[in-house]
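The values are calculated or read from the model by the stated rules, or taken from the named source; none is laboratory data. Just so it is clear, the model here is predicted, and its values are computed rather than measured. Don't worry about glycine lacking a Cβ; one is built from the backbone with ideal geometry, like all the others, and counts go over all protein chains shown.
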Amino acid sequence: MASDTARDRLIVALDVPDAGQARALVERLGDSVSFYKLGMEIVYGGGLDLASRLVGEGKRVFLDLKLHDIPTTVERATAQIARIGATFLTVHAYPQTLAAAVAGKAGSSLKILGVTVMTSYDNADLAAAGYRSGVRETVERRALQTRDAGADGIILSAAEVAELRALVGADLLLVTPGIRPAGSDANDQKRIVTPGEAIRAGADYLVVGRPVTAAGDPRRAAEAIVEEIAAASAP
Ligand SMILES: O=C(O)c1cc(=O)[nH]c(=O)n1[C@@H]1O[C@H](COP(=O)(O)O)[C@@H](O)[C@H]1O
């Protein structure tokens, strides 16, 4: 992370139904974006090949597949994914799953990110799902378990980043979706933070989907976020 430029810290989520639409978006964004996230929508729409093509074109790729299964399945799936050349892979931040993913990526440069509490959840949503602890306590526990499993980072809201950075130290990557430039629609996100606030709080990477991909001018929207990251990271 240390050598990443402001542009390299923006990860654009290619949440579109197929590789054709993703490709059109990538062309439109051009050199304004260097890092893309491919999640379930595009991958289940036949877009997994795009991951290795983007890597071949010099982009970095985050495969957001949120693995969670018995350890053997997670380990073997992670080993397959590691061959694609992606930079990040998400798994749910449960100790067995994290340990299996860490074993599965052995010998590759893939980094494993543990998903803590979805940014669309608040305390009431966790209670409704049967959890006794709220967002902060759950994120904290899962962050420590991610670190203890030897994984590389966590997914969390930037609303928790400052506190989590103090808890886990400098080495764990803090990757934050739920980013919304001032004045943009929250959509289905609940724990939202602006790009500048997220960087100032200590986030390493910002994941942004609709504020870029649904903008009338996606390139301009991406450039505005990169400028906000640069301004917030200036000493
Ligand atoms: O794992 C993720 O990337 C993720 C975790 C989370 O807690 N919240 C979250 O929004 N995401 C993803 O981040 C992206 C956010 O998209 P927008 O809400 O359109 O900016 C989506 O692709 C989500 O799947």
Quiz item: Would you pick out the residues in the stretch 24-42 that are farther than 18 Å from L67 by Cα and of a type outside the set (D, E)?
Solution: A24, L25, V26, R28, L29, G30, S32, V33, S34, F35, Y36
Quiz prompt | Single residue of L38, L29, L10 found to be of a type in the set (A, V, I, L, M) and more than 15 Å from F88 (Cβ to Cβ) | solution = L29
Exercise. Examine the stretch 81-100 for a residue that is surrounded by fewer than 19 Cβ atoms within 10 Å (Cβ to Cβ), part of a loop (DSSP other than H, G, I, E, B) and over 19 Å from the mean Cα position of the chain (by Cα), and state whether such a residue exists.
Key: yes
Quiz item: In the stretch 109-141, what residues are of a type in the set (D, E) and either free of Cβ contacts under 8 Å to residues at least 24 places away in the same chain or more than 16 Å from the ligand (Cβ to nearest atom) (or both)?
Solution: E137
Quiz item: Among the residues of the stretch 122-131, is there at least one that is in contact with a helix residue (DSSP H, G or I) (Cβ under 9 Å, 6 or more places away or on another chain), of a type in the set (F, W, Y) and surrounded by fewer than 16 Cβ atoms within 10 Å (Cβ to Cβ)?
Solution: yes
Exercise. May I ask you to say which residue of V61, V12 is more than 15 Å from K105 (Cα to Cα), within 12 Å of the ligand (Cβ to nearest atom) and either within 17 Å of the chain's Cα centre (by Cα) or not in a helix (DSSP H, G or I) (or both)?
Key: V12
Quiz item: If A170 passes every condition in (1) within 20 Å of P95 (Cα to Cα); (2) modelled with pLDDT under 95 but one, which one does it miss?
Solution: (1)
Quiz item: Regarding A106, is this residue closer than 25 Å to L172 by Cα, part of a loop (DSSP other than H, G, I, E, B) and within 14 Å of the ligand (Cβ to nearest atom)?
Solution: no
Exercise. Pick out, from the stretch 142-211, the strands (runs of 3 or more DSSP E) lying fully within it that include 2 or more residues that are of a type outside the set (S, T, Y), within 13 Å of the ligand (Cβ to nearest atom) and touching a Phe, Trp or Tyr at 6+ places or on another chain (Cβ under 9 Å).
Key: 173-176
Quiz item: So which of R219, R200 ends up being farther than 25 Å from K111 by Cβ, basic (K, R) and in contact with a helix residue (DSSP H, G or I) (Cβ under 9 Å, 6 or more places away or on another chain)?
Solution: R219
